1. For region 144-171, which residues satisfy the criterion of being touching a residue at least 24 places away in the same chain (Cβ under 8 Å) and under 15 Å from residue 82 (Cβ atoms)?
2. Consider residue 74 carefully, then state whether it is at negative phi, open to solvent by 50 Å² or more (accessible area, probe 1.4 Å), without any contact (Cβ under 8 Å) to a residue 60 or more places away in the chain and not hydrophobic (A, V, I, L, M, F, W, C).
3. Taking residue 113, is it buried (at least 18 other Cβ atoms within 10 Å of the Cβ), aromatic (Phe, Trp, Tyr) and under 19 Å from residue 173 (Cβ atoms)?
4. Inspect region 90-104 for any residue being touching a strand residue (DSSP E or B) at 6+ places or on another chain (Cβ under 7 Å), open to solvent by less than 60 Å² (accessible area, probe 1.4 Å) and part of a helix (DSSP H, G or I) and give the result as yes or no.
5. Looking at region 77-114 only, could you name the residues that are of a type in the set (D, E, K, R), on the phi < 0 side of the Ramachandran plot and free of Cβ contacts under 8 Å to residues at least 40 places away in the same chain?
6. Could you look through region 110-137, keep only residues that are of a type in the set (Val, Ile, Thr) and in a loop (DSSP other than H, G, I, E, B), and pick out the one that is farthest from residue 91 (Cα to Cα)?
7. Can you find, within region 138-155, the residue that is most open to solvent (accessible area, probe 1.4 Å) among those that are acidic (Asp, Glu) and part of a loop (DSSP other than H, G, I, E, B)?
8. Considering 168, 159, which residue is surrounded by 10 or more Cβ atoms within 10 Å (Cβ to Cβ), within 18 Å of residue 103 (Cα to Cα) and modelled with pLDDT under 95?
Amino acid sequence: MRKVSVLLLVLVVLVITACQDQSTSERVRESSSKRATNNETEQITTENESSSEVVVAPVEEEPVYLDETNYSGDELEIIQLINARIRYLWEEDEQQYLQLFQEQSGVSSIPSYKIKNVMFTSDLTIKEQRTLYEGLVFLEEVRDDGRESLSMYVFTKIKDEGDSARWKFAGID
């Protein structure tokens with residue numbers, strides 16, 4: 001739906017641009033030409049400042065979240081936790097982001113990058129320990145700058161917290 005909206009916006013801009021006064025279009029083209037003199041350039045700039053221009057801001061891509069439909073129970077909670085991390089990074093919501101981590105994790109700030117996409121490179125494993133449950137998965141992250149990195153996500157769920165226990169990140173390496 002977003003792609004259709006962007007496509008329609010681009011189409012509207014193109015129609016508006018095509019409908020401009022022909023002489024104005026020619027002057028704009030001349031201004032970008034290296035052959036235009038300083039006087040001609042100043043005249044074109046003055047005339048363009050008085051006309052209304054449509055400025056189209058670049059559209060940020062939305063991140064791709066993990067599909068939650070094939071999971072249930074603890075696995076679903078972990079997938080939702082990963083998706084929440086992606087969302088809070090994208091929204092730059094440091095307060096919510098930090099709440100996803102165990103206090104002992106050592107995470108004290110939100111990273112400067114955003115994640116566009118993640119892909120599993122291993123199965124999600126959950127093991128029961130004496131005082132907690134531990135989850136582990138390897139994911140390939142595609143960041144907003146196009147870089148890819150392999151990350152190990154470690155999750156814990158504290159047994160002593162009973163029914164209120166929730167999965168949280170213990171660390172991401």
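1. 150, 153, 155, 156, 157, 166, 167, 168, 169, 170, 171
2. No, not satisfied.
3. Values: buried (at least 18 other Cβ atoms within 10 Å of the Cβ): no; aromatic (Phe, Trp, Tyr): yes; under 19 Å from residue 173 (Cβ atoms): yes.
Spelling it out, it is not the case that residue 113 is buried (at least 18 other Cβ atoms within 10 Å of the Cβ), aromatic (Phe, Trp, Tyr) and under 19 Å from residue 173 (Cβ atoms).
4. no
5. 87, 91, 93, 94, 103
6. From region 110-137, those of a type in the set (Val, Ile, Thr) are 110, 115, 118, 121, 125-126, 131, 137; that's our starting set.
Subsequent filtering for residues that are in a loop (DSSP other than H, G, I, E, B) retains 110, 121, 131.
On the way: 110: 11, 121: 26, 131: 34 Å.
Within region 110-137, the match that is farthest from residue 91 (Cα to Cα) is 131.
7. Step one: of region 138-155, the residues acidic (Asp, Glu) are 140-141, 144-145, 148.
Now drop any that are not part of a loop (DSSP other than H, G, I, E, B), which leaves 144-145.
Working: 144: 73, 145: 95 Å².
Across region 138-155, the extreme among qualifying residues is 145.
8. Numbers: 168 fails: modelled with pLDDT under 95.
Criteria check complete, one pass: 159.
The values are calculated or read from the model by the stated rules, or taken from the named source; none is laboratory data. The structure displayed is predicted, hence computed values, not measured ones. Heads up, the Cβs are rebuilt from the backbone with ideal geometry, glycines too, and the neighbour counts pull from every protein chain shown. Accessible surface is based on the protein model in full, side chains and every heavy atom, while ligands, DNA and RNA are left aside. Shrake-Rupley method; radii C 1.70, N 1.55, O 1.52, S 1.80 Å.
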